[in-house]
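The values are calculated or read from the model by the stated rules, or taken from the named source; none is laboratory data. Treat the numbers as computed from the prediction; the structure is a model and nothing was measured. Cβ coordinates were reconstructed from backbone atoms using ideal geometry, including for glycine residues, and neighbour counts include every protein chain displayed.
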Amino acid sequence: MTLAHFLDGLRCASCGVLNVLWLDAMRGLVECSECGQIALTFPEVGEEVR
Ligand SMILES: [Zn+2]
């Protein structure tokens, strides 16, 4: 029972790797599985990821 969803087509603003961000719906944040960068929920994600 996982609430994590990978976010296709999004690039990590920190390490620049594509398709490594996943949404932790439980905690309401987005984490990069590559560098561990954590971003807050969606309004910020739009700015973090280009
Ligand atoms: Zn990253």
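Observations on the structure shown:
- Taken as a whole, region 1-8 holds at least one residue that is away from the ligand (no atom under 11 Å from the Cβ), part of a strand (DSSP E or B), at pLDDT below 80 and small (Gly, Ala, Ser).
- Candidates in region 23-37 are the residues that are modelled with pLDDT under 90 and within 9 Å of the chain's Cα centre (by Cα); of these, the one that is nearest to the ligand (Cβ to nearest atom) is 30.
- In region 17-39, the residues that are assigned to a loop (DSSP other than H, G, I, E, B) form Cβ pairs under 8 Å with partners that are hydroxyl-bearing (Ser, Thr, Tyr) and more than 10 Å from the ligand (Cβ to nearest atom), at six or more places apart or across chains, as follows: 28/41.
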